[in-house]
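The values are calculated or read from the model by the stated rules, or taken from the named source; none is laboratory data. All of these numbers come straight from a predicted model, not from anything done at the bench. Note that each Cβ is placed from the backbone with ideal geometry, even for glycine, and that neighbours are counted across all protein chains shown.
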Amino acid sequence: MRPGENARLIRRFVAGGTDSFWALQMLKYQVTHYGADGRVLTAIRREPSWFVGESSWSLGSPRRPPSPALQTAAIRGDTLWVAARVPRKDWEKAWSGTRASGLGEVASGRGPDPTQLHMTRVEVIDVRRGTLLAVRDFDGIIVDIDSELRATIYDFDRDLEPRLRILGLHLRR
């Protein structure tokens, strides 16, 4: 760990089979495939217009949208399924009624709920070619995708109670 760089160093790990694994850099759109010996086998780096460079790991403010971040991923055959938190189209509405003085950030416990600020964008990438095959946005935050491509979404029900839902993902070719 390096002082002041904790978020920059966070990785999420995804099983890649019996002899490898994948790691997501949450604040850069980079997913790296490692062999069992720790050697890099493949690195997929994307810079779509909504995730250029490095994220600031911020909830944003009433005048600035929240930062994107990679949330989770799954590998299925030759496809990599990446779920990223992205700002909701109505993220500004989440700040109404929140007092934010100056340009500083609001502590996470005092700001809007993450589901009011973020939604999930899932991208499907062909790992052999490194090409984008599909993109789809979902309300709520996908917190996990398992090896069977079941996505667990965190959001709220009609009574504003937190809930988890399971959705099956698939790609039509």
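Of the strands (runs of 3 or more DSSP E) lying entirely inside the range 20-103, those containing at least 1 residues that are without any contact (Cβ under 8 Å) to a residue 40 or more places away in the chain are 20-25, 30-35, 40-45, 79-87.
I'd like the residue in the range 151-173 that is in a strand (DSSP E or B), touching a Leu at 6+ places or on another chain (Cβ under 7 Å) and not β-branched (Val, Ile, Thr) and, out of all such residues, is nearest to Arg12 (Cα to Cα). Among those that are in a strand (DSSP E or B), touching a Leu at 6+ places or on another chain (Cβ under 7 Å) and not β-branched (Val, Ile, Thr), it is Ala151.
Of all residues in the range 117-138, those that are in contact (Cβ under 8 Å) with a residue 24 or more places away in the chain and not in a strand (DSSP E or B) total 4. Restricting Phe156, Phe138 to residues that are among the aromatic types (Phe, Trp, Tyr) and at pLDDT below 95 narrows the list to Phe156.
I'm trying to understand the selection: among the residues of the range 52-87, which are in contact with a helix residue (DSSP H, G or I) (Cβ under 7 Å, 6 or more places away or on another chain) and either modelled with pLDDT under 95 or within 30 Å of Ser20 (Cα to Cα) (or both)? The answer is Trp57, Leu59, Gly60, Pro62, Pro65, Pro66.
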